[in-house]
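Structure first, then comments.
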């Protein structure tokens, strides 16, 4: 008991140190104004409990973590408050908090041997968890090892018909897996100890019944046998930065302005508001061709206000073509410059419903491209050149340019930007100073300068830039580099969507990433997306 307590004390201190370390690495929180807002959000989350101010950021982080650990759900509240100011930290803090809660749940038990056994990756981990939970739970992206999955499931409530926690049921499943044959004693010993301690050995859904059912090749009590009875079923690839390597269906959607004037009675009349043609092509993993389906065409141009509904109808028609397929669908939008600020991923799948039902919930990978760039064949060579330089060099902050107007007139600002970007041949990404929306001459101009000089990636906030937004982007770049930014963006948006309060203050919800990879868009002849857009012959 004393040895276990000593080990757990060491683990407890390690977790708190790591939480403080994550906070201290964030530029959004080390900034004085950002930290002030973070302290205010945390005070509010803690029910008004005030936090002492200290001379250094490190001291404030230590104090906040100490205060939160003393409250029942304090560290979870810390994560929620931090996510509002620095969303990029959420996926790093959540695993630490889950480990902290599991440490308390399994108090006085040394888990060193169990952790060593489970600290491995398992190809079919997602499929195993689906069976363990009767298909009720899915692992979040941060659970990449069996150990992380065990900690995550240990904090979830018991399921109908099962007295054991999902974490304990997972251990029973793993004990039957060939990869854990040498660790069966450790897995069973852990469950034997806590089932006995918590009086969960006998009775309906207890350890004895669960172990007997699995040993006989049946599902655990409360689970559907049709979900699969063996832990060694077909592997499922977990989500991650390289998830695009999976076979997917790619749906390319093009929005093109209708430039034809409205015909009046005897004379041509000016059109009131822009209208757009919506069309699409499909590429399947097994084919190098772009497939044209009549379901992907609109019969007439639609006003800008009706574009989201037109896209929803298109997706409904296209989805009916894929009823017999099991691949994920990736949506790739090609937008004219004036629509690059549209919140595409938040458009409703079915506008007739009375609640928000964003595309992102069904299609977690949505990629935005510049239609103007594809049409500008004169800018393709410099676009390819910048991309090739970036891929052939090691990571550097010189690849990113942060646009700042600094009070200059728009024309003066764009002139300076043109000279700066032109001189920096290694720049491949621009963080815009404002959204490229109608009325924002600087934001629209920055995009056009970037396209003309071949910048492949644009990052901007759809509402307004802020210290929190810049901090989030910097944290994402510091952790995964520019190449990891698309995955981080999807992860941040997923985390923001799953938040119970649905707070619109989370800058991740308004983050827009335009990602134009010339190799993916231009190469491939008639099967390249540019062949559909019109950027190649």
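Given 179, 199, which one is more than 19 Å from residue 98 (Cβ to Cβ), free of Cβ contacts under 8 Å to residues at least 60 places away in the same chain, part of a helix (DSSP H, G or I) and assigned by TED's automatic domain parsing to the domain that holds residue 134?
179
Scan region 130-147 for residues that are in contact with a helix residue (DSSP H, G or I) (Cβ under 6 Å, 6 or more places away or on another chain) and assigned to a helix (DSSP H, G or I) and report the count.
4
Which residue, of 529, 518, 507, is touching a helix residue (DSSP H, G or I) at 6+ places or on another chain (Cβ under 7 Å), at pLDDT below 80 and assigned by TED's automatic domain parsing to the domain that holds residue 362?
Of 529, 518, 507, the one residue that is touching a helix residue (DSSP H, G or I) at 6+ places or on another chain (Cβ under 7 Å), at pLDDT below 80 and assigned by TED's automatic domain parsing to the domain that holds residue 362 is 507.
Condition test on residue 160, is it at pLDDT below 90, outside the structural domain of residue 489 (by TED's automatic domain parsing) and crowded, with 17+ Cβ neighbours inside 10 Å?
Answer is no for this residue.
Taking into account only those residues within region 49-72 that are part of a loop (DSSP other than H, G, I, E, B) and surrounded by 13 or more Cβ atoms within 10 Å (Cβ to Cβ), which is nearest to the chain's Cα centre (by Cα)?
Selected residue: 71.
Tell me which helices (runs of 4 or more DSSP H) are completely within region 385-481 and hold 1 or more residues being farther than 29 Å from residue 83 by Cβ, or say none if there are none.
Values: elements: 410-423, 441-452, 467-480.
Output list reads 410-423, 441-452.
Of everything in region 361-404 that's more than 17 Å from residue 451 (Cα to Cα) and crowded, with 18+ Cβ neighbours inside 10 Å, which residue is modelled with the lowest pLDDT?
Pass one, region 361-404, residues more than 17 Å from residue 451 (Cα to Cα): 361-367, 391-398, 404.
From what is left, the residues that are crowded, with 18+ Cβ neighbours inside 10 Å are 364-367.
Numbers: 364: 88, 365: 92, 366: 95, 367: 96.
Among those residues, the one meeting the criterion is 364.
Hey, can you tell me all the residues within region 15-30 that are farther than 25 Å from residue 103 by Cβ and either crowded, with 19+ Cβ neighbours inside 10 Å or free of Cβ contacts under 8 Å to residues at least 40 places away in the same chain (or both)?
28, 30
In this structure, does residue 103 turn out to be within 24 Å of residue 141 (Cβ to Cβ) and surrounded by fewer than 23 Cβ atoms within 10 Å (Cβ to Cβ)?
yes
Take region 83-105 and flag every residue that is within 14 Å of the chain's Cα centre (by Cα) and over 18 Å from residue 144 (Cβ atoms).
83, 87
The values are calculated or read from the model by the stated rules, or taken from the named source; none is laboratory data. On a predicted model such as this, the values are computed, not experimentally measured, just so you know. Backbone-built Cβ (ideal geometry, glycine too); neighbour counts: all protein chains shown.
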